[in-house]
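Reading through the structure tokens given below for one structure.
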């Protein structure tokens, strides 16, 4: 009798444990997966769903049909590294001059110990986290980087369980691929040395630029396949469409815009590879997909065919005019984000921290996202009586020019202009534009609206002095 009782209790305990584990898995599984695909130097006018007529982008166009297209989305900077910092941390990169420009090939890891990122927050909530593609936020803690030692701290220090890709921009050395902290294909005794950004004087050159995006897209799909049974966060910052323009042989010669158009179409192909994997694994309905760019397009990367990289916007990559930081932004989340809709709410890449925490019902750490505003209502198509962000700050390369946008008003002021390189992205004096009346920034209204200039100048100074722009953020618990 005692034996039967013990067996009963053991069986009941086993059933209870299995039920608890099943409930836990079901709870974790109820949270959507998150995929953020960020192109490099893709302009506001490069996708067909944003007006391009000579470049075919069927997969991005599909996202626009199945999700929401934003027309007033911004990067916090006109160049790559600062935007990557802002997207992951939810903080403006110009604060304390943290990341004022794109990193050179030799610069170390720019994040601080324990600094919350989107990856660390989602990882703590049970997500598998992966980064595939261009990192460009440095590695190690020494300057210059020792390419013959493990590349840590690096992406995995920032909260990613797995990393594969190009630590720097793909126009910078060394011309290798990195998995986690290790350079692939480097044999014992090989010594990698660099001179400047682009000259690799010794060591293996194992990266085929023509196959780079093909390899990275396959790794992104592999990550999805591996983690299909649990919530995952995939951050896929592509090499495309940064120079050098290196589309694969299979996708070359297909655009009337030339090699640049081919590369844009390769980026779209990579988006399609991810979407196909989500469809095949029956994950699309429970996955948030965001497709965007890290800054505006380069000035005139190609000629002919009448293609406008940044549409009709003024300026280009590196500048604080709209062409430097207004970018395509598509979000799809079936049964949540209204399909086939367009939104003109002003949003910024630093908003991913607060918005994803709200969407996933995760408590944001007290010291996370000082400039990250919750723009989930804009994703979901919900109406609000006021703008979701009080104001938005975007800067040029080197922070030579700082812009602050509130409603239709945009003020540009001088930032740091201590060298000829910095002054290249600067302005002579303050400029004020009303983007509702003048979206291409042609009519300077500084002299007509001095009160508005003063108001926005004071708001920018307040944001700088208090160390945050989002209400409720605290630097201590």
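So the values come out like this:
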item	result
Peptides 135-147, 231-243 ordered by average Cβ neighbours within 10 Å, highest first	231-243, 135-147
Binned Cα-Cα distance frequencies in the stretch 374-424 - 5 Å width, integer %	5, 18, 20, 14, 14, 11, 8, 6, 4, 0
Segments 450-457, 185-192, 323-330, 216-223 sorted - mean Cβ within 10 Å per residue, highest first	323-330, 216-223, 450-457, 185-192
Helix axis angle, 80-89 relative to the chain longest principal axis, alpha carbon, degrees	40 degrees
Kirkwood-type radius of the chain, with distances r between different C-alpha atoms, in Å	23.1 Å
Crossing angle, helix 450-466 versus the chain [Cα axis fit, 0-90 degrees, rounded to tens]	40 degrees
0 to 90° range, to nearest 10: angle between helix 259-280 axis and the chain longest Cα axis	20 degrees
Label-point separation, residue 454 to residue 65 (7 Å along Cα→Cβ), nm	5.4 nm
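Only the coordinates and a few stated rules stand behind these numbers; no lab work does. Everything quoted here is computed from the prediction, not taken from an experiment. In this analysis, Cβ positions are derived from the backbone assuming ideal geometry, glycine residues included, and neighbour counts consider all displayed protein chains.
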